[in-house]
1. Only residues in region 87-108 that are within 17 Å of Asp121 (Cα to Cα) and open to solvent by less than 30 Å² (accessible area, probe 1.4 Å) count as the first member; pair them with residues that are of a type in the set (Asp, Glu) and in a loop (DSSP other than H, G, I, E, B), Cβ under 8 angstrom, at least 6 apart or cross-chain, and list the lot.
2. For Glu64, indicate whether it is closer than 21 Å to Ala119 by Cβ and assigned to a strand (DSSP E or B).
3. Restricting attention to region 67-120, which residues are in a loop (DSSP other than H, G, I, E, B) and within 19 Å of the chain's Cα centre (by Cα)?
4. Would you pick out the residues in region 34-63 that are of a type in the set (Gly, Ala, Ser) and in contact (Cβ under 8 Å) with a residue 24 or more places away in the chain?
5. Limited to region 109-118, what total is found for residues that are in contact with a strand residue (DSSP E or B) (Cβ under 7 Å, 6 or more places away or on another chain), open to solvent by 30 Å² or more (accessible area, probe 1.4 Å) and not basic (Lys, Arg)?
6. Return a yes/no flag: does region 18-40 have any residue that is surrounded by 10 or more Cβ atoms within 10 Å (Cβ to Cβ), modelled with pLDDT under 95 and farther than 29 Å from Lys105 by Cα.
7. I'd like to know if region 41-50 contains one or more residues that are surrounded by 14 or more Cβ atoms within 10 Å (Cβ to Cβ) and in a helix (DSSP H, G or I).
Amino acid sequence: MLAVAAAIILAFLPMISSETVHPVGDARGWTLGFDYKTWSESKQFRVSDTLLFGYNKAFHNVIEVTGPDFKACNTANPIGAYSSGSDEVGLGKPGRRWFICAVGKYCQMGMKLNVTIHAADALMLAPAPAPWSHHHKCRHPFVSKW
């Protein structure tokens, strides 16, 4: 039993302690026509992870804003501004962060991202596998000699 517990702990240890670089938008990058809400919901962000915004700096930028400014696509009071075309944003503490593109009406067109950052030591488990069917007929059932 102890060996099983140790194996489970070792299996989840990399998920607990590893730092991840999240390329925003994956291969598409930071651009128009991408569903950043769905992308963000499919990821698990932890303290010490990094967001990597890759984009054409002639057409886009990244502005960090507050939650209300995110909703309103308001760029008047930015928390941070990035414009290199390859911006790394470290996720230093748990909580929520909001990013928008301030070019034209791109934010209103969906070029906005919010992420929820969990504590680095938070155990983030993958969804459980489907339950094993009791209707499965095994020709050689497992019988322990112990």
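The values are calculated or read from the model by the stated rules, or taken from the named source; none is laboratory data. In this text the structure is predicted, and so the values were computed from the model without any measurement. Note that we place each Cβ from the backbone using ideal geometry, even for glycine, and neighbour counts take in every protein chain shown. The area values use the complete protein model at the heavy-atom level, side chains included, leaving out ligands, DNA and RNA. Shrake-Rupley method; radii C 1.70, N 1.55, O 1.52, S 1.80 Å.
1. Note: pairs meeting the criteria are Leu91/Asp49.
2. The answer is yes for Glu64.
3. Correct list: Leu91, Gly92, Lys93, Pro94, Cys101, Gly110, Met111, Ala119, Ala120.
4. Ser40, Ser48, Gly54
5. 3
6. yes
7. Taking every residue of region 41-50 in turn, none turns out to be surrounded by 14 or more Cβ atoms within 10 Å (Cβ to Cβ) and in a helix (DSSP H, G or I).
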